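These notes concern the structure reproduced below.
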Ligand code: SF4
């Protein structure tokens, strides 16, 4: 800390602004703690099997979130109990009661399946449970950004981004753990709220449970590995890297190349990437034909650049084409490449992103 005698008599506007940001980041970084993880958890159901193992054996090398991420985590911690209190006050008169808060649960399966002992494969805490007559409704509260709030109205929208899809899987596990059909995901941003209902999709639930069961079985086998040896040990056990896992899980041959590219792009955002996991990056295919995107691209060109529909289409298309330099969709061609942009001073970081445009007859139209 600077000694009082060394402090100047007066600070200029810009100095105080910079100080506010720096002091906040310093406080948040000091408060940040990394704890060993022991099991898959409902709030971090990344679909990569390696990820689920590395969460536990390589937790020490997980980097802390950037300043923006730290601020978001703190905001969520502050807002969540406040929103639950608001729900209690608002719903009581309508016969809906908050009957549980931070309700822990554990799901068990036989590991290894089908004859092994029953062990915990995933655990979590349900933010709140509402009761209306005989109905019980688990609630998950997510304090989020304006963009996420505006871009998501339904559980289908949540599937578009890997980040919000994790929320959907989390909500689904809550419903299953509480033996009900649905969970209320409550998005919140600066006093605005948006309820999104997430329903049990049994095929996907089965995939999530299998992922957790397989990760648990691997962890019981890999008792001696750490962040330096896990990559090799997982390879020796034929555990695929995420792009190969996606390749194997994508039945439509036409979609496989693009899905693999997207998974490779997802790897670059993974906290273990090049720390505890070194997936080979597949060479991008030169051109991919995506007739299934033709209508969405045409509509995007029509409604761009304004409105929630344009934003939703932009997000869905970005997800579908990321990592593929040239995608032909009906009359349009989408061309893209990796690019970097410098973020504002207070969030000093370089952001890699997929820069893309739509062309028709060789001319840029969006
Ligand atoms: S870098 Fe990719 S393969 Fe490795 S753990 Fe992360 S998502 Fe999985």
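The values are calculated or read from the model by the stated rules, or taken from the named source; none is laboratory data. Keep in mind it's a predicted model, so treat the numbers as computed, not measured. With ideal geometry, Cβ positions are generated from the backbone for all residues, glycine too; neighbour counts draw on all protein chains shown.
Results, tabulated for the structure shown:
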quantity	calculated
Meets criteria (under 15 Å from residue 52 (Cβ atoms) and away from the ligand (no atom under 16 Å from the Cβ)) for residue 223	no
Unmet criterion (only one of (1) within 25 Å of residue 264 (Cα to Cα); (2) in contact with a strand residue (DSSP E or B) (Cβ under 8 Å, 6 or more places away or on another chain); (3) at pLDDT below 85) for residue 312	(2)
Number of positions in the range 267-291 that are crowded, with 21+ Cβ neighbours inside 10 Å and either within 10 Å of the ligand (Cβ to nearest atom) or at pLDDT 90 or above (or both)	5
Test result for residue 217, modelled with pLDDT of 90 or more, within 14 Å of the ligand (Cβ to nearest atom) and surrounded by 14 or more Cβ atoms within 10 Å (Cβ to Cβ)	no
Flag if residue 271 is outside the structural domain of residue 359 (by TED's automatic domain parsing) and in contact (Cβ under 8 Å) with a residue 40 or more places away in the chain	yes
Qualifying residues in the range 250-266 (those that are in contact (Cβ under 8 Å) with a residue 60 or more places away in the chain and in contact with a strand residue (DSSP E or B) (Cβ under 8 Å, 6 or more places away or on another chain)) - the one surrounded by the fewest Cβ atoms within 10 Å (Cβ to Cβ)	257
Residue among 238, 247 that is at negative phi, free of Cβ contacts under 8 Å to residues at least 24 places away in the same chain, within 14 Å of the ligand (Cβ to nearest atom) and surrounded by fewer than 19 Cβ atoms within 10 Å (Cβ to Cβ)	247
Residue 84 at pLDDT 95 or above, touching a strand residue (DSSP E or B) at 6+ places or on another chain (Cβ under 7 Å) and within 23 Å of residue 189 (Cβ to Cβ)	yes
Members of the range 51-83 that are within 15 Å of the ligand (Cβ to nearest atom), farther than 24 Å from residue 183 by Cβ and surrounded by 18 or more Cβ atoms within 10 Å (Cβ to Cβ)	53, 54, 56, 57, 58
Residue that is surrounded by the fewest Cβ atoms within 10 Å (Cβ to Cβ) [pool: residues in the range 36-50 that are within 13 Å of the chain's Cα centre (by Cα) and within 13 Å of the ligand (Cβ to nearest atom)]	44
